[in-house]
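Shown next, in structure tokens, is the structure this report addresses.
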Amino acid sequence: MAKTDYYELLGVKKDASQAELKSAYRKQAMQYHPDRNPDDPEAEHKFKEISEAYDVLKDDDKRAAYDRYGHAAFEGGMGGGGAGGNGDFGFSGANFADIFDEMFGDFMGGKRGGGGGKASSRGSDLRYNLEISLEQAFKGDKVQVRVPTSVACDHCHGTGAEGNSEPITCPTCSGVGRVRAQQGFFMIERTCPTCNGVGKIIKNPCGVCSGAGRVRKEKNLNVNIPAGVEDGTRIRLAGEGEAGLRGAPAGDLYIFLSIQPHEFFMRSGSDLGCRVPIPMSTAALGGQVEVPTIDGKRARFTVPAGTQTGQTFRLKGKGMSILRSQTRGDMMIETFVETPRNLSAKQKDLLKQFDSEGKPGSNSPESEGFFSKVKELWEDLKD
């Protein structure tokens, strides 16, 4: 029985684009999928046919061979796509992974990267941990880092081949980078063992990189740190990871930032906090207190009379920079009152005089209230 034309199976014209082919395949695959048509041999057969058709037409080389020779191009196991030649069981035109990719790949964030060639030999992504100061996080900075990585070989310009020789198409996978094998009811796809997924092999490898097209080397890079970054911020440098194998695309470099603890400021989002000591006299009488700010300047705030340890004051716009914004956070100041030490005899006399002239509960209301409650507690315990 003669096979139906692949274009007719998918319902497209012979000059249909890849997007039109994919759209037609998805529509019919969803319609005839065995899960939607259980115990329906006709639907299963139709699903096999459209999968086989799309498996051929989505590949430019297979499509060109089909346009020229028709179904005869793949008879006798030719084509390498599994379109026939492996018995009647299973989906001979496409394995389960292919079907899943074509039907759901766009919804799941793209294909799973199973193809061969340069995509499979892309360089690895790298991670670099960079510690910066709080001041650098506030104002932004340009930092130079030295990253051990792989770079393209200068001798062969990344091709992996010596002199003017060129890589040749892998005879095992025909340049696809992956091979398929039937195991029981399933079609298994794996990386080509001959070319390691590259799709090409080198007969005369480069003497410097041994055919890899890349060599180990340390690379100096400038990293721009934007103002307002937080601890754990990740910066991506596209194409600055390891060089790809034999001219394949390089991976990316990810800079992970950590911020050193500051001796004075504590950060909370866009706000800064600090503890400021104030003399007992200033706390009692009130006055002006000067504090440093993260931008290297100074700021003053007013302490009212009777200020206690633990009171908080807010300085608007004196906190951290906010990423991609012109505004700043606030600075929160927590005061603690210092008890004077090494008093002179006169100072001691003045404090004694102060203590004796004060009315009970007027100068230290919190301590008076505390001890009165303790006294009541003791009396209750005695009863």
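For the residues Glu368, Glu334, Glu338, the requirement of being surrounded by 12 or more Cβ atoms within 10 Å (Cβ to Cβ), modelled with pLDDT of 95 or more and not β-branched (Val, Ile, Thr) singles out Glu334. Residues of region 173-193 that are surrounded by fewer than 15 Cβ atoms within 10 Å (Cβ to Cβ) and touching a strand residue (DSSP E or B) at 6+ places or on another chain (Cβ under 8 Å): Ala181, Ile188, Arg190, Pro193.
Going by the structure shown, is Thr169 in contact with a Lys or Arg (Cβ under 7 Å, 6 or more places away or on another chain), of a type in the set (Ser, Thr, Tyr) and without any contact (Cβ under 8 Å) to a residue 60 or more places away in the chain? For Thr169, the condition - in contact with a Lys or Arg (Cβ under 7 Å, 6 or more places away or on another chain), of a type in the set (Ser, Thr, Tyr) and without any contact (Cβ under 8 Å) to a residue 60 or more places away in the chain - is met. Could you say which residue among Leu245, Leu257, Leu253, Leu221 is out of contact with any Ser or Thr (no Cβ under 9 Å at 6 or more places or on another chain), within 28 Å of Tyr128 (Cβ to Cβ) and either surrounded by 14 or more Cβ atoms within 10 Å (Cβ to Cβ) or of a type in the set (D, E, K, R) (or both)? One residue alone meets the criteria, Leu221.
Yes/no matrix, rows are residues, columns are (1) hydrophobic (A, V, I, L, M, F, W, C); (2) under 22 Å from Asp67 (Cα atoms); (3) assigned to a helix (DSSP H, G or I):
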site: Lys13; (1), (2), (3): no, yes, no
site: Ala16; (1), (2), (3): yes, yes, no
site: Glu20; (1), (2), (3): no, yes, yes
site: Tyr25; (1), (2), (3): no, yes, yes
site: Met30; (1), (2), (3): yes, no, yes
site: Pro34; (1), (2), (3): no, no, no
site: Asp39; (1), (2), (3): no, no, no
site: Glu42; (1), (2), (3): no, no, yes
site: Ala53; (1), (2), (3): yes, yes, yes
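Take Gly177 and decide whether it is under 27 Å from Tyr128 (Cα atoms) and touching a helix residue (DSSP H, G or I) at 6+ places or on another chain (Cβ under 6 Å). When the stated conditions are applied, Gly177 does not pass them. The selection criterion, being exposed (fewer than 13 other Cβ atoms within 10 Å of the Cβ) and either outside the structural domain of Gly228 (by TED's automatic domain parsing) or at pLDDT 95 or above (or both), does not hold for Lys318. The set of residues in region 260-274 being surrounded by 12 or more Cβ atoms within 10 Å (Cβ to Cβ) and acidic (Asp, Glu) consists of Asp271 alone.
Tell me yes or no: at least one residue of region 237-244 is without any contact (Cβ under 8 Å) to a residue 24 or more places away in the chain, of a type in the set (A, V, I, L, M) and under 23 Å from Asp125 (Cβ atoms). Taking every residue of region 237-244 in turn, at least one turns out to be without any contact (Cβ under 8 Å) to a residue 24 or more places away in the chain, of a type in the set (A, V, I, L, M) and under 23 Å from Asp125 (Cβ atoms).
Does Val229 satisfy being crowded, with 21+ Cβ neighbours inside 10 Å, touching a strand residue (DSSP E or B) at 6+ places or on another chain (Cβ under 7 Å) and farther than 30 Å from Glu162 by Cβ? In short, yes.
The values are calculated or read from the model by the stated rules, or taken from the named source; none is laboratory data. Only a predicted model underlies this, so the values are computations on that prediction, with no experimental measurement involved. Every residue, glycine among them, receives a Cβ derived from its backbone with ideal geometry; neighbour counts consider all protein chains shown.
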